[in-house]
Amino acid sequence: MTAEVSYQDYLRVDELLALQRPFTAHGDGGGVGETGHTALSEHFFIICHQTCELWLKQILADLSAVVGAFSTMRPADLERAVDLLYRVGGLLRLLHEQLVVLEQLDVEDFAQFRQFLGSASGAQSAQFHELERMLGNASRSGTLYTAFERGVERTGGTVAKIVEAGAEAGTEHRLVEGLLHVGNGFLRWKVGHVGLTSRMLGGSPGTGGSSGVAYLVDRASLPFGELRRLRGRTHERVAASGVTAEGDIPSTD
């Protein structure tokens, strides 16, 4: 018989809540309860980034399962992969909304506790870099798309044929849509980070020694470049068919 497990024990809440340790705690005055104003802002900053890392952990786990589905190409596995891709898209939207909340960080408080960050920077996030490797960018296919492409080829098809067939391709079409959904969510999150950094730092360098906003702008690229090129070609083919509105008949001249 399984022993009783409490909510606190199952989630290790006490350990989790002990991980936020602002450097400015109790040292900046401010008079906001027992914690100074700057320390409260730093506490907020830490929680936002810690939760970001937790969601990245889930995103990477979900995408790894999707890669596994592409290795088998079993119908049930692919249906599950569709669900996981859309869950990842939802998590990326959640991360973007978290940036919107982080815009409420007091700029002056951030300037005060930023000195304690040293060279620490979000650019050092190992999980973020792993996500970039999985998704790729406009010019480089990531491991996720490569796994999809190889899985499709093992079944005797091509991604180009799936994109051209559209909804008629069934589950594989939904996988294409799911991949694009994830890619759009990732770019939205990156663009949101650009806006937040611009608001907080203006033209100042990033904490890790980067050029700040310019560095982030350079890295804001849509994943799945090959998939988008295939979609573009399909759009051009359909547009060239001469059908301009529902019910129109292409000219036979």
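The values are calculated or read from the model by the stated rules, or taken from the named source; none is laboratory data. No experiment lies behind these values; they were computed from the predicted model shown. Glycine gets a Cβ as well: all are built from the backbone with ideal geometry, and neighbour counts include every protein chain shown.
A few notes on this one:
- Residue 80 being without any contact (Cβ under 8 Å) to a residue 12 or more places away in the chain and closer than 26 Å to residue 153 by Cβ: no
- Residues located in segment 29-47, provided they are modelled with pLDDT of 50 or more and either surrounded by fewer than 16 Cβ atoms within 10 Å (Cβ to Cβ) or not in a strand (DSSP E or B) (or both): 36, 37, 38, 39, 40, 41, 42, 43, 44, 45, 46, 47
- Of residues in segment 140-176 being within 16 Å of the chain's Cα centre (by Cα) and part of a helix (DSSP H, G or I), the one surrounded by the fewest Cβ atoms within 10 Å (Cβ to Cβ): 143
- Test: residue in segment 8-26 that is assigned to a helix (DSSP H, G or I), at pLDDT 95 or above and either aromatic (Phe, Trp, Tyr) or closer than 18 Å to residue 185 by Cβ (or both): yes
- Residue within segment 53-68 that is over 25 Å from residue 11 (Cα atoms), modelled with pLDDT of 95 or more and hydrophobic (A, V, I, L, M, F, W, C) present: yes
- Residue match in segment 113-130 (condition: out of contact with any Asp or Glu (no Cβ under 6 Å at 6 or more places or on another chain), modelled with pLDDT under 95, closer than 23 Å to residue 36 by Cα and polar (S, T, N, Q)): yes
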